[in-house]
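Working notes for the structure below.
The values are calculated or read from the model by the stated rules, or taken from the named source; none is laboratory data. Small disclaimer: the values here were computed from a predicted structure and weren't measured. Don't worry about glycine lacking a Cβ; one is built from the backbone with ideal geometry, like all the others, and counts go over all protein chains shown.
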């Protein structure tokens, strides 16, 4: 077990990427994730084969990612909400080409230029793909600096394993907060890369990385095959954490910073005798549908705590088939709910002390 | 005795281009250069979006299809991944000089050691003949049906001239493929643009004035004449930058 260091989330994430064997970073400054680029600017040039480039735009950066990804090497970019919108075209192309890559979104208030304080308003964008066409990214939502590290490493592995994009859906709090974190040695799995562009050496047929298919039957088949892959991922890769759910009569559902604050609120409610617990999705795609559906048979209601106008609440309703009511407890625009606010909402819904 | 044969750097896929389209000539020149320089095995090409979108089927080397305008950024990734790769983009005027202007300028500014083949036929071919940034004043297209009115939509973009002001650009030459003499010069320029990359010298771009008989509404022969009479005066041929010849 290596020593613990006090690190900012953004920087810990960057270090984790390097530990996971990523040697290519392309980015652009945008608050609140610029520290990722700054950290990479310092670290990458000191590593054998390390490449750091500040691109002219988020659009250029995601296309540079496509270039490296096409050669079969680990590569990442990071941005925040408005920059992720710019990358949406590139993300669709990554999916259409079945290329592995890691994208980090340190979410801020929106829409438009919005604000620089934290939000979770890009949940739909992340979990529904973001760009045009039918596709998904594996979306991982850290709720601590330690998870900024763990999920980044896991994200790279999943991306290579399934030949698709992983997204770290962090919020500004995760990017900016400082917590003790340790970096254990990472076992980097190797996967088949025979499809990668490495030069034919005049010995093999050319490899082509492409998302265009004017033959509709072929394009449909590609989509069907991709979604068969997604179905397998939904069955095997969903991650979540339960908190005080054993005897829970009410279930809070929250990810990221919302989960951190909710934990305090749940403890407050438990002090008052309210039997509330939390299911925290760690992957928001694939969404932990099974555990939520099972919980719906036991609890009286769900409370979605989110920093948006109500996005994950729809996935909860879908997963639980609306068997029980699902309430929304939310702040937006950069505001973060306080434990008191969430506790009051829990009290209101549960009717106070049991 | 073989007098002439198709380059090994071209696949057997039949080209889809219109009769008289000069893409066929340019593809051949690029392929022959890759073979003659012995880099076909290291080459990775970036196909763009336009009539030439299918170059990923035509060049016999590893290929990637880029989004419209983004080829130089994808090329940047390919080259930075492994500098041993000989990376080239093949782009039309909309791809390179409209939507892709930022990627074009900045890959030059960054001194990316790549080779850019820029096919300029003053029109958007694939989508049926709309105005391009390089469409000439007065030229009739689907989106300039009364002729390009410079009062309303400004002047054509001169890419070589513009990029010559970018310090990171190493070699910029404008050529044409309207006659045999020019085709030979075009091949020499393309060869130099790839040799520069092999030598690690930096960003090399060859602008190739080309015809689009179908969307210009001309026969292939008349299109070649139109190029000579109208495009050459506006887009003079020649070397716009060559850092090999630095002034003392």
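Given the structure, is residue A:110 at pLDDT below 95, surrounded by fewer than 24 Cβ atoms within 10 Å (Cβ to Cβ) and either over 14 Å from the mean Cα position of the chain (by Cα) or more than 14 Å from chain B (Cβ to nearest Cβ) (or both)?
yes
So which residues in segment A:75-84 are buried (at least 21 other Cβ atoms within 10 Å of the Cβ) and out of contact with any strand residue (DSSP E or B) (no Cβ under 6 Å at 6 or more places or on another chain)?
Passing the criteria: A:79, A:83.
Among the candidates A:277, A:334, A:256, single out the residue that is surrounded by fewer than 24 Cβ atoms within 10 Å (Cβ to Cβ) and at positive phi.
Checking each option against the conditions leaves just A:334.
Within segment B:206-216, is there a residue that is over 16 Å from residue B:119 (Cβ atoms) and assigned to a helix (DSSP H, G or I)?
No, because not a single residue in segment B:206-216 is over 16 Å from residue B:119 (Cβ atoms) and assigned to a helix (DSSP H, G or I).
Taking residue A:68 as the residue in question, decide whether it is crowded, with 24+ Cβ neighbours inside 10 Å and more than 27 Å from residue A:145 (Cα to Cα).
Against the criterion (crowded, with 24+ Cβ neighbours inside 10 Å and more than 27 Å from residue A:145 (Cα to Cα)), residue A:68 qualifies.
So how many residues does segment B:2-24 have that are assigned to a helix (DSSP H, G or I) and surrounded by fewer than 18 Cβ atoms within 10 Å (Cβ to Cβ)?
Adding up the residues that qualify gives 1.
This table checks each residue for (1) surrounded by 21 or more Cβ atoms within 10 Å (Cβ to Cβ); (2) more than 14 Å from every other protein chain (Cβ to nearest Cβ); (3) more than 18 Å from the chain's Cα centre (by Cα).
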{"position": "A:27", "(1), (2), (3)": "yes, no, no"}
{"position": "A:40", "(1), (2), (3)": "yes, no, yes"}
{"position": "A:46", "(1), (2), (3)": "no, yes, yes"}
{"position": "A:53", "(1), (2), (3)": "yes, no, yes"}
{"position": "A:57", "(1), (2), (3)": "no, no, yes"}
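Looking at segment B:49-62 only, could you name the residues that are facing chain A (nearest Cβ under 7 Å) and either touching a helix residue (DSSP H, G or I) at 6+ places or on another chain (Cβ under 8 Å) or modelled with pLDDT under 95 (or both)?
Of everything in segment B:49-62, those that are facing chain A (nearest Cβ under 7 Å) and either touching a helix residue (DSSP H, G or I) at 6+ places or on another chain (Cβ under 8 Å) or modelled with pLDDT under 95 (or both) turn out to be B:60, B:61.
Can residue A:261 be described as within 14 Å of chain B (Cβ to nearest Cβ), in contact (Cβ under 8 Å) with a residue 40 or more places away in the chain and crowded, with 19+ Cβ neighbours inside 10 Å?
The answer is no for residue A:261.
Among the residues of segment B:38-48, which ones are part of a loop (DSSP other than H, G, I, E, B) and either out of contact with any strand residue (DSSP E or B) (no Cβ under 8 Å at 6 or more places or on another chain) or at the interface with chain A (Cβ under 8 Å from one of its Cβ atoms) (or both)?
B:38, B:40, B:41, B:42
Within segment B:184-199, is there a residue that is farther than 19 Å from residue B:97 by Cα and not in a helix (DSSP H, G or I)?
Yes, segment B:184-199 contains a residue that is farther than 19 Å from residue B:97 by Cα and not in a helix (DSSP H, G or I).
Taking the options A:79, A:88, name whichever one is more than 13 Å from chain B (Cβ to nearest Cβ) and in contact (Cβ under 8 Å) with a residue 40 or more places away in the chain.
Going through A:79, A:88 in turn, just one is more than 13 Å from chain B (Cβ to nearest Cβ) and in contact (Cβ under 8 Å) with a residue 40 or more places away in the chain: A:79.
Answer with yes or no whether residue A:279 is part of a strand (DSSP E or B) and in contact with a helix residue (DSSP H, G or I) (Cβ under 8 Å, 6 or more places away or on another chain).
yes
Residue A:334 fails exactly one of the following numbered conditions: (1) within 24 Å of residue A:147 (Cβ to Cβ); (2) assigned to a strand (DSSP E or B). What is the number of that condition?
(2)
Restricting attention to segment A:193-219, report how many residues are within 14 Å of residue A:71 (Cβ to Cβ), part of a loop (DSSP other than H, G, I, E, B), touching a helix residue (DSSP H, G or I) at 6+ places or on another chain (Cβ under 8 Å) and within 7 Å of chain B (Cβ to nearest Cβ).
1
Would you point out which residue out of A:167, A:174, A:148 is farther than 18 Å from residue A:34 by Cβ, crowded, with 24+ Cβ neighbours inside 10 Å and away from chain B (no Cβ under 14 Å)?
A:167 is the lone residue from the list that is farther than 18 Å from residue A:34 by Cβ, crowded, with 24+ Cβ neighbours inside 10 Å and away from chain B (no Cβ under 14 Å).
For segment B:4-14, state whether one or more residues are more than 7 Å from chain A (Cβ to nearest Cβ) and under 16 Å from the mean Cα position of the chain (by Cα).
No, the conditions are met nowhere in segment B:4-14.
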